[in-house]
1. Given the structure, is PHE21 at pLDDT 95 or above and within 30 Å of SER188 (Cα to Cα)?
2. Taking the condition within 13 Å of the ligand (Cβ to nearest atom), over 19 Å from ASN201 (Cα atoms) and of a type in the set (D, E, K, R), does LYS113 pass?
3. Please go through the range 161-200 and pick out each residue that is outside any helix (DSSP H, G or I) and closer than 23 Å to PHE270 by Cβ.
4. Taking the criterion of being surrounded by 22 or more Cβ atoms within 10 Å (Cβ to Cβ), under 20 Å from SER94 (Cα atoms) and either touching a strand residue (DSSP E or B) at 6+ places or on another chain (Cβ under 9 Å) or of a type outside the set (A, V, I, L, M) (or both), would at least one residue in the range 150-166 satisfy it?
5. Suppose we keep only residues that are small (Gly, Ala, Ser) and under 15 Å from LYS318 (Cβ atoms) within the range 260-286. Which one would you say is surrounded by the most Cβ atoms within 10 Å (Cβ to Cβ)?
6. Return the residues of the range 141-178 that are of a type in the set (Ser, Thr, Tyr) and free of Cβ contacts under 8 Å to residues at least 24 places away in the same chain; say none if nothing qualifies.
7. In the range 235-251, what residues are within 28 Å of GLU309 (Cβ to Cβ), within 19 Å of the chain's Cα centre (by Cα) and of a type in the set (Val, Ile, Thr)?
8. Of all residues in the range 147-166, count the ones that are over 23 Å from the mean Cα position of the chain (by Cα) and either modelled with pLDDT under 95 or within 16 Å of VAL273 (Cβ to Cβ) (or both).
Amino acid sequence: MPAVKEQPSPGKVLLTGGTGFIASHVLDCLLDNGFTVVVTARSKDKGQRIVEGVDLEVRDNVSFVIVGDIAQDGAFDSAVQSDPPFDFVVHTASPYQLHFDDPFRDCLDPAIKGTTGILKSIKAFAPSVKRVVITSSSAAVLNVAPDHLPVYDETNWCNVTWEQATDPMHTYRASKKFAEKAAWDFISNEKPNFDLATINNTYTFGPLPRSLTTLDNLNTSNHRIRDMVLGRMRDGIAPTAPVFTFVDVRDVALAHVRALTVAEAGGNRFYMVGEFFSNAKISEIIRKEFPQLESKFPPVEEVKDDFPEDHWKFDSSKARKMLGVQYTSLEKSVRDTVASMLEREDLMKGQ
Ligand code: NDP
């Protein structure tokens, strides 16, 4: 039998925010595609958990480096330096929560200074990096009611102002808009050796990260599915608003990986939406797929679908055309998310 020839690695990637929901899927996708990956984590414990969660066959291709608070000057200076050097950087680390004690310390600074900080560090210390992909958000694209446009795509920027940024209603959206703007400005003003692509994904559902230690720390966008599974909506399904669009995390991960390597992706934003959803639709899917959870829900006749008839439209076809992403259906995404929760007996215990 001829010897199996090992494929050369397509490159070495620094992936920030390795404990995160989206990063955990980006990591899997990078490893599946043969990349070597160094993840950043805030502590040794977190870094070790990420590495230990990776399949044994590819575990040698992943390691971690500790980066504390990304808002600090020079936070990434040593992380971007590596031997052999990095080819790519994927920056996902940014606070995604909706309640903050201090809007600057807890959200705006890590988002914006974290983004400009990593770009500065790469320019100064990692000249081998060819491309950076940043996880931005649909929050940097969409307005809020009553200012909605009829149709959104990646040509749109949300109209939130810097003056609104400390209003808790707007802090997260502002953090994503101003972080992404700062990244594009950095590219045009500093003209570094690398180019940039951003992934502007909407509300993202999907299987839990393996390194998760408690359902209390579950990423924000999976909360509604968790709450239904735990019976926290037994007395009534919570309203869906303000977001009625979703995308599956595995599609988002694939887009990050393809955005690194598809030559023409450089210089582009990718607005990613799979489908519309509502909490009523999610509850219907869970009841159908997991009849053992029926007692966690209110009577069917009491569940009203609040999806608005006059909802704005989206065009998320660029990621399909340029990056080859096939969007996963809501049904599959919800089914796989719930299955991943039920599989984790350690997390479900005592809930
Ligand atoms: P998670 O909360 O699961 O992950 C956030 C990551 O950022 C964690 O690794 C966290 O580290 C890290 N982080 C946050 N603040 C800091 C800080 N000050 N210093 C160092 N690290 C920090 O969120 P997601 O995976 O959902 O989100 C990841 C990215 O995707 C974010 O940029 C978010 O804005 C974006 N996004 C998410 C969407 C979604 O629906 N999930 C939709 C659109 C965009 P630690 O674990 O140590 O706290």
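1. Details: at pLDDT 95 or above: yes; within 30 Å of SER188 (Cα to Cα): no.
Against the criterion (at pLDDT 95 or above and within 30 Å of SER188 (Cα to Cα)), PHE21 does not qualify.
2. So LYS113 fits the description; yes.
3. Residues satisfying the conditions are LYS191, PRO192, ASN193, PHE194, ASP195, LEU196, ALA197, THR198, ILE199, ASN200.
4. Taking the range 150-166 as the starting set, the residues that turn out to be surrounded by 22 or more Cβ atoms within 10 Å (Cβ to Cβ) are 152, 160.
Checking the rest, the ones that are also under 20 Å from SER94 (Cα atoms) come to 160.
Those still in the list that are either touching a strand residue (DSSP E or B) at 6+ places or on another chain (Cβ under 9 Å) or of a type outside the set (A, V, I, L, M) (or both) too: none.
There is no residue in the range 150-166 that is surrounded by 22 or more Cβ atoms within 10 Å (Cβ to Cβ), under 20 Å from SER94 (Cα atoms) and either touching a strand residue (DSSP E or B) at 6+ places or on another chain (Cβ under 9 Å) or of a type outside the set (A, V, I, L, M) (or both).
5. Going residue by residue through the range 260-286, those that are small (Gly, Ala, Ser) are 263, 265-267, 274, 278, 280, 283.
Add one more test, that the residue is under 15 Å from LYS318 (Cβ atoms), and what stays is 265-267, 274.
Working: ALA265: 21, GLY266: 17, GLY267: 12, GLY274: 26.
Across the range 260-286, the extreme among qualifying residues is GLY274.
6. Those that are of a type in the set (Ser, Thr, Tyr) and free of Cβ contacts under 8 Å to residues at least 24 places away in the same chain: THR155, THR161.
7. Initial filter on the range 235-251 (within 28 Å of GLU309 (Cβ to Cβ)): 235-248, 251.
Narrowing further to those that are within 19 Å of the chain's Cα centre (by Cα): 242-248, 251.
Matches in the range 235-251: VAL243, THR245, VAL247.
8. Residues flagged as over 23 Å from the mean Cα position of the chain (by Cα) and either modelled with pLDDT under 95 or within 16 Å of VAL273 (Cβ to Cβ) (or both) within the range 147-166 amount to 3.
The values are calculated or read from the model by the stated rules, or taken from the named source; none is laboratory data. All values derive from a computational prediction rather than experimental measurement. Backbone-built Cβ (ideal geometry, glycine too); neighbour counts: all protein chains shown.
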